[in-house]
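The structure appears right after this line, and notes come after that.
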Amino acid sequence: MREVSEIQATEALVNRLRGAEAIFFGLDVGRVVDHSALSALVRYVFPIENNLSTLVTKYYCVYLNRYDLKTPYEKIEDDAQKWWNWADIAGYRKYFIMDMTGVGAPVLEGIRRRRVRTIGVTLTAGNQESNPDIDQYNVPKAALTTQLMRTSQMGRLKGYPNEVKWWKELKEEMGSFGYDINKQGVMTYESMDDKIHDDLVISVALPIWFGERVVPYRMPVRSGGGDRDDYASYDPLG
């Protein structure tokens, strides 16, 4: 019953707004002494100030879970399959992005064996992003968190504090981040407190980075199908 109720509650949040354009799942895999975290973010496309020729994307966090310590990786792999299958049945354009650094690599293979198309991201300490193989990226951790913080500061990351468990903890994690200037003189956002967990931050940052850097948004489609809408009657709140 718990799994059914989680999915039903998440689907209700997705349907609060019209025109879910894509759903992104993000997974941060922790070691035995660290928490793992899984997120689901829905991307919507909105007109800016009712100007239908100028559009902006926003990400709504509809699910967050911080796993208990020592949760078997098989349980996390099963959850990845459960959420992927739900999104597939619901007909959403979907992406599953996870941190494959360290212990994440074998978990990624376990999830792929469950027929989940998984995007693996290796977090690095460098400055360059790269795409060495299909569905695989190397991304500086600072670039990942900087994209998250900028998206949030622009008002493009939204949540449901009363419905999404761990949203408060996510905001607390994000609150520990501050400005830093790297050796190349580029401003980044990094945690100022090493004692604060960042599992929730990474699980949400992965989908936002992928959505912003890799996956262009699509125009919404009329509910009756056919050609893509020109936004003349598009109202996400309708």
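The values are calculated or read from the model by the stated rules, or taken from the named source; none is laboratory data. Since we're looking at a predicted model, the values are computed, not measured. Here the Cβ positions follow ideal geometry from the backbone for every residue, glycine too, while neighbour counts run over all protein chains shown.
Once the range 61-99 is narrowed to residues that are among the hydrophobic types (A, V, I, L, M, F, W, C) and without any contact (Cβ under 8 Å) to a residue 40 or more places away in the chain, the residue that is nearest to residue 124 (Cα to Cα) is 69. May I ask you to verify whether residue 10 is surrounded by 13 or more Cβ atoms within 10 Å (Cβ to Cβ) and either more than 13 Å from the chain's Cα centre (by Cα) or closer than 18 Å to residue 162 by Cα (or both)? Taking the combined requirement at face value, the residue satisfies it.
Inside the range 101-135, residues that are within 18 Å of residue 199 (Cα to Cα), outside any loop (DSSP other than H, G, I, E, B) and among the hydroxyl-bearing types (Ser, Thr, Tyr) make up a count of 2.
Looking only at residues of the range 68-99 that are buried (at least 17 other Cβ atoms within 10 Å of the Cβ), out of contact with any Asp or Glu (no Cβ under 9 Å at 6 or more places or on another chain) and of a type in the set (A, V, I, L, M), we find that the one that is farthest from residue 207 (Cα to Cα) is 76.
The residues on offer are 66, 117, 31, and the sole one that is closer than 24 Å to residue 145 by Cβ, among the basic types (Lys, Arg) and in contact with a Phe, Trp or Tyr (Cβ under 8 Å, 6 or more places away or on another chain) is 66.
Output the residue which, of all residues in the range 29-52 that are within 15 Å of residue 78 (Cα to Cα) and of a type outside the set (Val, Ile, Thr), is surrounded by the most Cβ atoms within 10 Å (Cβ to Cβ). This residue is 39.
Condition check ((1) of a type in the set (Lys, Arg); (2) modelled with pLDDT under 90; (3) in a helix (DSSP H, G or I); (4) in contact with a helix residue (DSSP H, G or I) (Cβ under 9 Å, 6 or more places away or on another chain)) across all residues:
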site: 7; (1), (2), (3), (4): no, no, yes, yes
site: 11; (1), (2), (3), (4): no, no, yes, yes
site: 23; (1), (2), (3), (4): no, no, no, yes
site: 69; (1), (2), (3), (4): no, no, no, no
site: 89; (1), (2), (3), (4): no, no, yes, no
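On the basis of being modelled with pLDDT under 90, within 19 Å of the chain's Cα centre (by Cα), at negative phi and not basic (Lys, Arg), does residue 57 make the cut? Here the answer is yes, as residue 57 does meet what is asked. Filter the range 139-166 down to residues that are out of contact with any Leu (no Cβ under 7 Å at 6 or more places or on another chain) and in a loop (DSSP other than H, G, I, E, B) and give me whichever is surrounded by the fewest Cβ atoms within 10 Å (Cβ to Cβ). The extreme case among them is 162.
With respect to residue 115, is the statement that it is of a type in the set (D, E, K, R) and either in contact with a helix residue (DSSP H, G or I) (Cβ under 8 Å, 6 or more places away or on another chain) or without any contact (Cβ under 8 Å) to a residue 40 or more places away in the chain (or both) true? Yes: the conditions hold for residue 115.
Which one of 219, 174 is at pLDDT below 90, in contact with a Leu (Cβ under 9 Å, 6 or more places away or on another chain) and not in a helix (DSSP H, G or I)? Only one candidate qualifies: 219. For the range 112-138, filtered to residues that are crowded, with 20+ Cβ neighbours inside 10 Å and within 14 Å of residue 28 (Cα to Cα), the residue that is farthest from the chain's Cα centre (by Cα) is 123.
Tally up the residues in the range 35-70 that are among the acidic types (Asp, Glu) and either touching a strand residue (DSSP E or B) at 6+ places or on another chain (Cβ under 9 Å) or farther than 25 Å from residue 83 by Cα (or both), please.
Summing the residues that are among the acidic types (Asp, Glu) and either touching a strand residue (DSSP E or B) at 6+ places or on another chain (Cβ under 9 Å) or farther than 25 Å from residue 83 by Cα (or both) in the range 35-70 gives 1.
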